[in-house]
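Written out below as structure tokens is the structure these notes cover.
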Amino acid sequence: METNPTVVEAEKLREFKLAGINRLSVGIQALNNKDLKVLGRNHNVDEALRCLEIAKSLFPGRTSVDVIFGRPAQTLDCWQKELEQIVDIADNHVSLYELTVEQGTELFEEVADGRLSVPGDDLMADMYAVSVQLLENSGFIRYEVSNFARKGAESSHNKAYWSGSQYIGVGPGAHGRFCPAGEGRLHREARIQTLEPVSWMMEVERFRHATSTRVVQSQLDILEEILMMGLQTKDGISEETWQLLSGTSLEKVFGSSPTVQELVEHELLELNGHRLCATHKGLSVVNSITLNLLTVLDKYFNSEGAVADR
């Protein structure tokens, strides 16, 4: 479960544990009150640290810290020092997210009109590279682009959707991917819950659910998702999973592509009889790799060979 580290939320953690919650992600986001205000968060650093300590006592070894980098006016040196503090207070799991300036937010308006500026792409890349090195030197293994864990502390829930398994999303704005067998359906659906918390609660009370969107996924939809999600991980996409979802092999879809061969030659991608995955170097530029592979998949899927496979 994810929680915002406010005083109110911290007081509820024991109740959540009694209700069956066994893992917690604490959205600290920053160890700087000025930045927390810029990000629109309703907690301060002291509250975050207090909540984290309570969480670690209730969920030892199963508490994650969420942090955002690339914040307005943030420098590489400041970020490195802050991350060192995060390592000191963290349990066994850290999630790092590059700041995304969402349209419609106050931060978006402040950046758009020049009142605030965010780091450029090169500085963002340097911040991420420093993060990987610092965390790995501290015993945190990068098992997904944004997720680092000490041995045995990986999130099994996260692994479920990275590996193409079915999962149910519960809560405001949550996403799910599953076959609703209870309704007699065999096709996998993408479901999205109502975003606004108050509206979500009202719908649950009235309809016993708050699903706002249901879309039946095609085979290509599913394969594109497993490609985008799986390549974000250290282990990538297994041959077994790909065969199960596609009916053909990774080699047949990607092996003859000049684009894929070039990525392999540059040691950014690995393709063998067992899996398709980004290398350690490739994980740092995995978004561009994924775009290339999606193009290869789409070309294959619309070819005569793919029709024959299906």
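The values are calculated or read from the model by the stated rules, or taken from the named source; none is laboratory data. On a predicted model such as this, the values are computed, not experimentally measured, just so you know. Note that each Cβ is placed from the backbone with ideal geometry, even for glycine, and that neighbours are counted across all protein chains shown. Areas reflect the complete protein model, heavy atoms only, side chains present, ligands, DNA and RNA absent. Shrake-Rupley method; radii C 1.70, N 1.55, O 1.52, S 1.80 Å.
List of remarks:
- The set of residues in segment 34-60 being of a type in the set (S, T, N, Q) and open to solvent by 90 Å² or more (accessible area, probe 1.4 Å) consists of ASN42 alone.
- Hits in segment 3-22 (condition: under 23 Å from ASN44 (Cα atoms), surrounded by fewer than 17 Cβ atoms within 10 Å (Cβ to Cβ) and either basic (Lys, Arg) or in contact (Cβ under 8 Å) with a residue 24 or more places away in the chain (or both)): VAL7, LYS12, ARG14
- Residue that is modelled with the lowest pLDDT [pool: residues in segment 41-56 that are in contact with a Ser or Thr (Cβ under 7 Å, 6 or more places away or on another chain) and part of a loop (DSSP other than H, G, I, E, B)]: ASN42
- Any hit, segment 174-181, residues being surrounded by 15 or more Cβ atoms within 10 Å (Cβ to Cβ) and touching a helix residue (DSSP H, G or I) at 6+ places or on another chain (Cβ under 8 Å): yes
- For segment 74-149, the helices (runs of 4 or more DSSP H) that sit wholly inside it and include 1 or more residues that are modelled with pLDDT of 95 or more and open to solvent by 60 Å² or more (accessible area, probe 1.4 Å) are 76-89, 121-137.
- Filter result for the condition that a residue is touching a residue at least 24 places away in the same chain (Cβ under 8 Å), out of contact with any Gly (no Cβ under 8 Å at 6 or more places or on another chain) and either polar (S, T, N, Q) or more than 26 Å from SER284 (Cα to Cα) (or both), over SER246, SER256: SER246
- Candidates THR241, THR295, THR279, filtered to the one that is among the polar types (S, T, N, Q), surrounded by 15 or more Cβ atoms within 10 Å (Cβ to Cβ) and within 14 Å of LEU223 (Cβ to Cβ): THR241
- Of all the criteria given as (1) closer than 24 Å to ASP235 by Cα; (2) open to solvent by 60 Å² or more (accessible area, probe 1.4 Å); (3) in contact with a strand residue (DSSP E or B) (Cβ under 8 Å, 6 or more places away or on another chain); (4) not hydroxyl-bearing (Ser, Thr, Tyr), the one not satisfied by VAL170 is (1).
- Filter result for THR248 (within 21 Å of HIS274 (Cβ to Cβ), touching a helix residue (DSSP H, G or I) at 6+ places or on another chain (Cβ under 6 Å) and open to solvent by less than 30 Å² (accessible area, probe 1.4 Å)): yes
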